[in-house]
Amino acid sequence: MNGFAGTDAAGTAATWVAAAVTVGVWSYFAGGARIFRLAQYLLAGLATGYLVVVSVREVLVPRLLLPLAADPGGVPLSWLGLALVALLVAGRWLPPLAASVPVSLLVAATAAFALGGAVVGTLLPQLGATVLPASAAGADLASALLGLAITGLVLFTFLHGVRRGRVAAAAAGAGQWLLLGGIGGWLGFLLVSRLALLLDRVRFLLGDWLGIVR
Amino acid sequence: MIERVAARPWLWPAALLAVVAAALLLSDAAGSWLQVANPDPARATEVTAALDGLPDDAMVLVGMDPDLGTYPEIRATVRAALSELLERGARIAFVSYTPEGRAAAAAEVERLIAGGADAGRVLDLGFVAGAEAGLVLSVTQFGAAGASFPAAFADAAAGIAAFDMTLVVGGLDIGPRTWVEQVVTRVPDMPVLAVVPTFLQPEVAPYLRTGQLAGLLATVRDGATFASGVGDGEAQPAALPMLAGMLVALGVIGRALYVVRRPDATPGRREPDEQA
């Protein structure tokens, strides 16, 4: 049971709609492309409507309009925000230079936060943890050597255009099998992951909708 | 036989659905005699150890930003973690930085309250716009300036830094990586746990080694181990349908290999009956 829809009339209607759309999407395999496309349009329409509601209810009104209405002189930054929003909305009818101001600010700020965070939070700590083993002896050293050996063998697999001797060919073959083993292991994880998603839908149909399973 | 199946492409999906549904019905009738095993419970143990380190009456932030498409994979694990936090007497506050996450958070808060959780110990902080910028702002502030919170969460106005722990339920847009980069670098002492779908594991697992994450549950089996460890047996996935589904999937892979490797699979070559 996904536990989202209640047992009242609204919950029952939601369950029936969700079940109908689920079956509609699956009908694609049996050639029901129109129903599938309808479900896609429904998703796109609902997602757009939902985004508008979230933007208005949780961002524009409480964060921008209400503070401005309560204290128009006390929040100069909000006036600037309102001007940028207006520029963005009216961008289609304004000169490209004016419309590019809010977009540029948006892209620049996002890039600045993302880049700074990536360097300080990921690049440097990961380099520190990867390049230098925690201790130069024992299990860490063995892991580092094993990692280097496997990486080398896998790299041999991609060595094209170079004449290979018997040893290099054997190394490339071993690298190929290691690569296949790694991809196979990862595929196994993903298979279980996707089966869990399918199982959730089947359980929804048999449990929440039809009430056959608990 | 293989050619006949290939002529009906809907047959494999239909077989998969039928087998999974039959196995689910059988599993439901016969009870949980088959369970998902995990030979390596280290990840679940790390998460439980982090929860053990929480102080009494802890205030925990749940950064709820899963993708709607993959949330069902981790939903049972997330619910087990939430009920374990409430069981331990923690106060939990939900916040989202993506609209998708906001939908999941609102649904989970409603489900918790409807399920009998103390409404005074669950807070919905809503949606914070701005993605990374919003996260950074949240480090020192939640809500508009001067916003008031219920008495149990009065400290929450001071932002993420006021919480004892964060549980990140991640997705593709905002996940543990973003939290580590934008929040852990600013609040390094706060433990961060993460629950993510399997496809994010390679991206997130390195942060465990650096100690930037205190715990990570990123696969179905890790989630099942954690759930059974905290006594939430209902949260475990049904193993029999999973097994049946995997067998069908192996059949599909075998068929694909047969089609690719058979000698007459040269592109452009036509079957004798097609030529006729």
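The values are calculated or read from the model by the stated rules, or taken from the named source; none is laboratory data. Values in this document were obtained by computation on a predicted structure and should not be read as measured data. We place every Cβ from the backbone using ideal geometry, glycine too, and count neighbours over all the protein chains shown.
Can you tell me which residue in the range B:137-166 is nearest to B:Leu217 (Cα to Cα), limited to those that are within 14 Å of chain A (Cβ to nearest Cβ) and crowded, with 19+ Cβ neighbours inside 10 Å?
For the range B:137-166, the residue satisfying everything is B:Ser138.
Go through the residues of the range A:64-75 one by one and say whether even a single one is surrounded by fewer than 17 Cβ atoms within 10 Å (Cβ to Cβ), of a type in the set (D, E, K, R) and within 11 Å of chain B (Cβ to nearest Cβ).
yes
Table: residues versus (1) modelled with pLDDT of 95 or more; (2) under 17 Å from B:Thr140 (Cα atoms); (3) among the basic types (Lys, Arg).
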site	(1), (2), (3)
B:Met165	yes, yes, no
B:Asp173	no, no, no
B:Pro176	yes, no, no
B:Val180	yes, yes, no
B:Val184	yes, yes, no
B:Val195	yes, no, no
B:Thr198	no, no, no
B:Gln201	no, no, no
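How many residues does the range B:4-34 contain that are away from chain A (no Cβ under 14 Å) and not in a helix (DSSP H, G or I)?
Within the range B:4-34, residues that are away from chain A (no Cβ under 14 Å) and not in a helix (DSSP H, G or I) number 1.
Hey, can you tell me all the residues within the range B:138-177 that are closer than 13 Å to B:Gln212 by Cα and in contact with a Phe, Trp or Tyr (Cβ under 8 Å, 6 or more places away or on another chain)?
Correct list: B:Thr166, B:Val168, B:Pro176, B:Arg177.
If A:Thr151 satisfies every condition in (1) within 12 Å of chain B (Cβ to nearest Cβ); (2) of a type in the set (S, T, N, Q); (3) free of Cβ contacts under 8 Å to residues at least 12 places away in the same chain but one, which is the exception?
Unmet for A:Thr151, out of (1) within 12 Å of chain B (Cβ to nearest Cβ); (2) of a type in the set (S, T, N, Q); (3) free of Cβ contacts under 8 Å to residues at least 12 places away in the same chain: (1).
Tell me the residue from B:Ala80, B:Ala103 that is at negative phi, within 9 Å of another protein chain (Cβ to nearest Cβ), in a helix (DSSP H, G or I) and among the aliphatic types (A, V, I, L, M), please.
Of the residues listed, the single one that is at negative phi, within 9 Å of another protein chain (Cβ to nearest Cβ), in a helix (DSSP H, G or I) and among the aliphatic types (A, V, I, L, M) is B:Ala103.
So how many residues does the range A:29-63 have that are within 21 Å of the chain's Cα centre (by Cα), of a type in the set (A, V, I, L, M, F, W, C) and within 30 Å of B:Ala147 (Cα to Cα)?
Within the range A:29-63, residues that are within 21 Å of the chain's Cα centre (by Cα), of a type in the set (A, V, I, L, M, F, W, C) and within 30 Å of B:Ala147 (Cα to Cα) number 4.
Check off (1) surrounded by fewer than 17 Cβ atoms within 10 Å (Cβ to Cβ); (2) modelled with pLDDT of 95 or more; (3) within 14 Å of chain A (Cβ to nearest Cβ) for B:Glu110 and give me the number that stays unchecked.
Evaluating B:Glu110 over (1) surrounded by fewer than 17 Cβ atoms within 10 Å (Cβ to Cβ); (2) modelled with pLDDT of 95 or more; (3) within 14 Å of chain A (Cβ to nearest Cβ) leaves (2) as the failure.
With respect to B:Leu240, is the statement that it is part of a strand (DSSP E or B), in contact (Cβ under 8 Å) with a residue 12 or more places away in the chain and not hydroxyl-bearing (Ser, Thr, Tyr) true?
Answer is no for this residue.
Can you name every residue in the range B:178-190 that is crowded, with 20+ Cβ neighbours inside 10 Å and more than 8 Å from every other protein chain (Cβ to nearest Cβ)?
The answer is B:Trp179, B:Val183.
Hand me the list of helices (runs of 4 or more DSSP H) wholly inside the range A:6-87 holding 2 or more residues that are touching a Ser or Thr at 6+ places or on another chain (Cβ under 9 Å).
Fully inside the range A:6-87 and qualifying: A:33-54, A:66-70.
Which members of the range A:76-107 meet the condition of being farther than 26 Å from A:Val52 by Cβ and within 14 Å of another protein chain (Cβ to nearest Cβ)?
A:Pro76
Would you check if B:Val60 is within 14 Å of chain A (Cβ to nearest Cβ), surrounded by 21 or more Cβ atoms within 10 Å (Cβ to Cβ), β-branched (Val, Ile, Thr) and in contact (Cβ under 8 Å) with a residue 60 or more places away in the chain?
Judged against the criteria, B:Val60 is not a match.
Which of the helices (runs of 4 or more DSSP H) contained wholly in the range B:142-235 include at least 1 residues that are of a type in the set (Ser, Thr, Tyr)?
B:176-179, B:206-209, B:220-229
Where residues in the range A:2-44 are at pLDDT below 90 and surrounded by fewer than 12 Cβ atoms within 10 Å (Cβ to Cβ), which of them is nearest to B:Ala103 (Cα to Cα)?
Result: A:Ala10.
Enumerate the pairs (first residue in the range B:195-220 and facing chain A (nearest Cβ under 7 Å); second residue anywhere and crowded, with 24+ Cβ neighbours inside 10 Å and of a type in the set (Asp, Glu)) with beta-carbon separation below 6 Å, excluding pairs fewer than 6 apart on the same chain, so at least 6 apart or on different chains.
B:Pro197/B:Glu73
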